[in-house]
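Visitor: Handing you this structure, nothing more for now.
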Amino acid sequence: MFFVFKVLRDRRRMIGLKQISATQARLAMLRINFKAKIKKKALQFRASFRKTIPKGEVADIALEEMVELKFETGEDFQRYFDICKKINIFLKADALPVAADPHAPPIVAESTQVFEDFMSSDFKNELAIIRLIKVMTEASADLNRRIESYNNMHLAQPMPKVDSLYFVSLMDVNRVFDDEGSDSAASPVAKVA
């Protein structure tokens, strides 16, 4: 009887470890896909400026930092949103008319007219990024649930939990999904769909 109990317990432990490993692998693949989308977004931001950004300027440093983020913690995601907001401010300033012609109408960048303050004008890529953020936060929460379940069964060798990917701008991500569900004409997501 003891032998059967031990075999069942070990089998349950192996199943739990396989589920945790599969979820970790899924999260890693999502992170790789996400980083590729971020690189594409950085190139889109660079192309949105009227002139090429010289190396070492504040906007260039911010874009480089955005591409180099690891996206393993909630702080990384919050830093990403902060950088995007900063870049959009630079784009607004870049779109202002030259001081030599004070009567010229202001040129407003398309990204500031259509999207929120953290999004670029590439609709398809932005929606993919927002969806990936949502899926990654859900996958990290699922991973933590699986780890907690595993730890409850195996108190002698607990596994550490991962960062749950909660950050302040997650409300903005959820708001985009709320807007996507409604038929609001003012919604940037509704304009894409």
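The values are calculated or read from the model by the stated rules, or taken from the named source; none is laboratory data. Everything numeric here is computed off the predicted structure, so don't read it as measured data. Because the Cβ atoms are built from the backbone with ideal geometry, glycine has one as well, and the counts that use them run over all protein chains shown. Accessible surface is based on the protein model in full, side chains and every heavy atom, while ligands, DNA and RNA are left aside. Shrake-Rupley method; radii C 1.70, N 1.55, O 1.52, S 1.80 Å.
Visitor: Which ³J(HN,Hα) values in Hz, rounded to whole numbers, follow from the phi angles of the range 5-10 under the Karplus curve 6.51 cos²θ - 1.76 cosθ + 1.60, where θ = phi - 60° and Gly and Pro get x?
Guide: 4, 5, 5, 5, 5, 5
Visitor: Sticking with this structure for a sec: More than 19 Å apart: what percent of Cα pairs in the range 10-67 qualify?
Guide: 51
Visitor: Sticking with this structure for a sec: Could you list which residues have their amide H under 5 Å from that of residue 165, counting only those 5 or more apart in sequence or on another chain, with H placed in the peptide plane?
Guide: Correct list: 74.
Visitor: I'm a student and want to see the number: the projected area of the Cα convex hull of the range 138-177, averaged over all directions, in nm².
Guide: So the mean shadow area of the Cα hull is 3.1 nm².
Visitor: Ranked highest first by the average count of other Cβ atoms within 10 Å around their residues, in what order do 150-163, 74-87 fall?
Guide: Those peptides, ordered most packed to least, come out 74-87, 150-163.
Visitor: May I ask you to give the solvent-accessible area per residue for the range 42-84, in square angstrom, as obtained with a 1.4 angstrom probe?
Guide: Roughly 55 Å² per residue, with all protein chains present.
Visitor: In sequence order, what are the phi-derived ³J(HN,Hα) couplings for the range 64-76 according to the Karplus relation 6.51 cos²θ - 1.76 cosθ + 1.60 with θ = phi - 60°, rounded to whole Hz, with x for glycine and proline?
Guide: 5, 5, 4, 5, 8, 4, 8, 6, 9, 10, x, 5, 4
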